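Student: Below: one structure in structure tokens.
The values are calculated or read from the model by the stated rules, or taken from the named source; none is laboratory data. The structure presented is a predicted model; accordingly, all values stated were derived computationally and were not measured. Quick reminder, even Gly has a Cβ in these numbers, built from the backbone with ideal geometry, and neighbours come from all protein chains shown. With ligands, DNA and RNA removed, areas are computed over all heavy atoms of the protein, side chains included. Shrake-Rupley method; radii C 1.70, N 1.55, O 1.52, S 1.80 Å.
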Amino acid sequence: MDEADKSLQAYDKLQQSVPSIGFLSRKKRIAAYLKVTGLAQRMIDEQEISEEQALYLLSILARKCAPFQKAMMMTALNLASIDRRLLQPVAFKYANEFRCSMQLLPVGDDESNET
């Protein structure tokens, strides 16, 4: 199986794992983001995909899947108030990069930006 097939297979897994986000439910949206990025982190840990591929697939998923886009946006906006232990490394990195793309200050790895 070549890299393109692996990426497509990984994308399908991620897309199928997106749960319901509820109607304006902060808790459900953040839980959905954690579920999808948790799966992405497991795929990285099991060397199915690289971290770079995971970040790319998450960005495509955010553009193609409205529920994930809403979940990602809610997580990025509330990143400083989310317990860091709940976030997998890829989840934190993607949400923080998205914050920067929205011209928001990034949240530090050492939690020094929390208020």
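Student: Under a 1.4 angstrom probe, counting protein chains only, how are Leu34, Leu8, Leu105 ranked by accessible area, largest first?
Tutor: Numbers: Leu34 40, Leu8 110, Leu105 135 Å².
The residues order as Leu105, Leu8, Leu34, largest area first.
Student: While we're looking at this one, here's another question. Roll a 1.4 angstrom probe over the protein heavy atoms and tell me the percent of accessible area of the chain that is carbon or sulfur.
Tutor: 52
Student: Exactly which GluC sites (Glu not before Pro) in the range 1-102 are in a DSSP loop and have at most 11 other Cβ atoms within 10 Å?
Tutor: Of the GluC sites (Glu not before Pro), the ones in loops of the range 1-102 whose Cβ has at most 11 other Cβ atoms within 10 Å are Glu46.
Student: Give me the distance in nm between label points sitting 7 Å out from Cα along the Cα-to-Cβ direction at Arg63 and Arg84, one decimal.
Tutor: Placing both labels 7 Å beyond Cα along the Cβ direction yields 3.1 nm.
Student: Provide Lys35, Lys27, Lys13 ordered by accessible surface of protein heavy atoms (probe 1.4 Å), highest first.
Tutor: Heavy-atom accessible area, descending, gives Lys27, Lys35, Lys13.
Student: Give the Rg/Rh ratio for the range 17-115, taking Rg as the radius of gyration of the Cα atoms and Rh as the Kirkwood radius, to two decimals. All intermediate terms of the calculation are to be shown ahead of the outcome.
Tutor: Working: Rg = 12.6 Å, Rh = 13.5 Å.
A ratio of 0.94.
Student: Pop out the Kirkwood hydrodynamic radius of the range 39-82 from its pairwise C-alpha distances, inverse of mean 1/r, in Å to one decimal.
Tutor: 11.3
Student: Cα axis of helix 89-101 to longest principal axis of the chain: angle in degrees, 0 to 90, nearest 10?
Tutor: With rounding to tens, the tilt is 60 degrees.
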